[in-house]
Every structure is written in C-alpha cells, then in structure tokens.
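Here the structure comes first, spelled out in structure tokens, and everything after it is commentary.
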Amino acid sequence: MFGCSGLALTAEERAFFQACNPLGFILFQRNCDSPEQVRALVDDLRACVDRPDAPVLIDQEGGRVARLKPPHWPEFPAARAYADLYAQDPAKGVEASTLGGRLIAHELAALGVNVDCAPVLDVPQPGADPIIGDRAFGADGATISTLAKAFMDGLMKGGVAPIIKHIPGHGRALVDSHMDLPLVDAPRADLENTDFAPFRALHMAAWAMTAHVVYSDLDPRQPATLSAAVIADVIRKQIGFQGVLVSDDLSMKALSGGFADRARASLAAGCDVALHCNGDMNEMVQVADGASEMTRAAWSRYKLGELHRTAAAQPFETDAEHAAARRRFDTLLG
C-alpha cells in the first residue's frame, strides 16, 4: 500500500501504480484540500489498479490525529474524551464512542475512503512517550476494549472498516517510533496481562497494524513488524488475530536498512501488507522491488473482511438523520 505526494496524481505516480498494482492506498493531510478534490483523487487511485473497491485508508482518529480538518470537515475529539465521559456515565460514554465512529465513517464514505486507521488499542503506561497519550480510549484494558469496540461498531455501520493498532501494544514505548526504535523490556507476563488484553478482546477485527517496537522478552532483536516470532506466536496465536495484518509505515525512523529490505522483511515475518506512506517515489520503487504478490491466505483474509464491512453497513438514510446524530453527539460531549 502506498501514499501519494499531493492533491492529484502525477503522471509518474499514475504509471507506477498501474505497473505495480498495490493492494490499496493511504491518504494524508497533504492529499486533502476539499471534498470534491479528495473524491476525485480516490477515484483516480482506484482507476490505476482497476479495482473500484480497492482499500483507501486514512488516519482519522479525532483530536490531534486527523487528516481531514475544518472548514470542509467537522472536528472530532480524541479518544480520551469518550473515556472521560465513560467514567461519569458508562452508557453515555459507549453511546458517544459509537456515534463518533459512525459520524467519522459518514465523512469518509462520502469521499470513497473505506478503511480508517483507528482505533488505537494501546494501553498507556506512566512515563511512556506521549505519542499515544489522549489517543487511547482509557487507562485500562477493560475500558479501552469497551469503548474501542463501540467506536469500531460505529465505523462499520458507516461502511468503513477499522484498523486496530498498534498490535501487540505501543503503550509502554519510551520513544516515538516515528523518530526512533522503542525497546520495551517489560516481562512477558505483564505484556500478556495488560498490553495484549484489548487486542485479545477485539481480535475479530478485519485489519490490524503492527507496532515498530522491540519487546525484549518476546524477540530481543526485531521489532514486532519484522519479527516472525511475535507475529506467529503472539499476534496470530496468543491474541488470536486472523485478519489482514498491515505493517506500520515502513518509512518511520524506528526501522533501518533499505526500503526493499524493510518491505521484504515485514512480509517474510508474516505481515500481509507492507505500508509505505510518505509518497517519495524513490522509496516507493524500492518497496515495490522488495514486495511480492499477496499470498492466497492474505487475499482471502482481505476479501472476508470486505464481506463483513459491506454486510454491516447501515449508512444514514437522510441528511436529517445525520444531523440528529451529530446533535446528540455534541450534546453528550458538551
């Protein structure tokens, strides 16, 4: 999966995507100026691979992680807002989280975007880097599982598939994996009891994104993205996740080495999809060189997820229904 550089495809990007046929694409703020422009870009991306349902991803969590911003798109709160409301009134917290997912999905579906890189299931720990912070749906696994499940249900009702991240857990990282490689030295038992818990609870998700984190008690040499041991023994077996496993962005500084090697290693370790986000053509060419045709098992996981996404979709039938949902959402969150 690839990003692109701007608001419209260049001739070079179009030719590259047509030639290498990626599974799908991911959008960032640099690609989003207006609804009409984004819809045209999404259509153009899908035309490159001649698949009208090709997955198009975006990070639209709410709060500080939102690629779609005012004035064209409404604001949504960070996940912590749902947790704060849940602490006061659990039923209202769950309702707000469900509505948040459904309202975000409404905005995404209007653009043709069908996968949201949310929710964050990481359990934040004291002293950890603030990269997770208010993006978490609470401070404990039970709260996170409950509210993230509600958010996922809302996305699915809006016709958008969620991606749970960052499996098997980024909440203990002392550095931001965008900038450096985190090393977590917590005992395996602590990871199993705390960090893995929300992922186990929501293992039925169709998509998950890996953590570029080394867990010394699981694999002291490789981050989860590149670790066959972590993917096979922890993510697939212990957590029980059987959906599409996509790497976090291969251009992040937590990883080292050439981009062909990064792509090759992530797929060899057990990722189904190698994700590269920044739209740099030289890097994308290398990623494509290191990638391989999607396995039959990976393709089957993807198609099964698509069946579930389309079957669950219950979009708003009228503008009035959407407006009423937004009013209720705003009332709940003050």
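The values are calculated or read from the model by the stated rules, or taken from the named source; none is laboratory data. Given the structure is predicted, the values throughout are model-derived calculations rather than measurements. FYI the Cβ positions are ideal-geometry reconstructions off the backbone, even for glycines, and counts take in every protein chain you see. Areas reflect the complete protein model, heavy atoms only, side chains present, ligands, DNA and RNA absent. Shrake-Rupley method; radii C 1.70, N 1.55, O 1.52, S 1.80 Å.
In table form, for the structure just shown:
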quantity: Failed criterion for residue 135 (all others in (1) closer than 24 Å to residue 72 by Cβ; (2) buried (at least 24 other Cβ atoms within 10 Å of the Cβ) hold); calculated: (2)
quantity: Test: residue in region 52-70 that is among the β-branched types (Val, Ile, Thr), touching a helix residue (DSSP H, G or I) at 6+ places or on another chain (Cβ under 6 Å) and free of Cβ contacts under 8 Å to residues at least 60 places away in the same chain; calculated: yes
quantity: All positions within region 1-13 that are open to solvent by 40 Å² or more (accessible area, probe 1.4 Å), closer than 17 Å to residue 276 by Cβ and either touching a residue at least 24 places away in the same chain (Cβ under 8 Å) or within 18 Å of the chain's Cα centre (by Cα) (or both); calculated: 5, 12
quantity: Every pair of residues 6+ apart whose Cβ atoms lie under 6 Å, when the first sits in region 94-115 and is more than 13 Å from residue 315 (Cβ to Cβ) while the second is hydroxyl-bearing (Ser, Thr, Tyr); calculated: 96/82; 97/82
quantity: Near pairs, Cβ below 9 angstrom, 6+ apart or cross-chain, from region 241-269 (within 17 Å of residue 302 (Cα to Cα) and modelled with pLDDT under 95) to any residue that is part of a strand (DSSP E or B) and not hydrophobic (A, V, I, L, M, F, W, C); calculated: none
quantity: Test: residue in region 191-199 that is part of a loop (DSSP other than H, G, I, E, B), at pLDDT 95 or above and closer than 25 Å to residue 87 by Cα; calculated: yes
quantity: Qualifying residues in region 81-125 (those that are in a helix (DSSP H, G or I) and acidic (Asp, Glu)) - the one most open to solvent (accessible area, probe 1.4 Å); calculated: 84
quantity: Restricting region 227-272 to residues that are of a type in the set (Lys, Arg) and within 24 Å of residue 197 (Cα to Cα), the residue that is surrounded by the fewest Cβ atoms within 10 Å (Cβ to Cβ); calculated: 237
quantity: Evaluation of residue 265 against (1) within 16 Å of the chain's Cα centre (by Cα); (2) assigned to a helix (DSSP H, G or I); (3) not charged (D, E, K, R) (one fails), failing number; calculated: (1)
quantity: Unique match (being farther than 22 Å from residue 250 by Cα and open to solvent by 70 Å² or more (accessible area, probe 1.4 Å)) among 39, 30; calculated: 39
quantity: Count of residues meeting criterion [touching a residue at least 24 places away in the same chain (Cβ under 8 Å), aliphatic (A, V, I, L, M), open to solvent by less than 70 Å² (accessible area, probe 1.4 Å) and part of a helix (DSSP H, G or I)] in region 298-326; calculated: 3
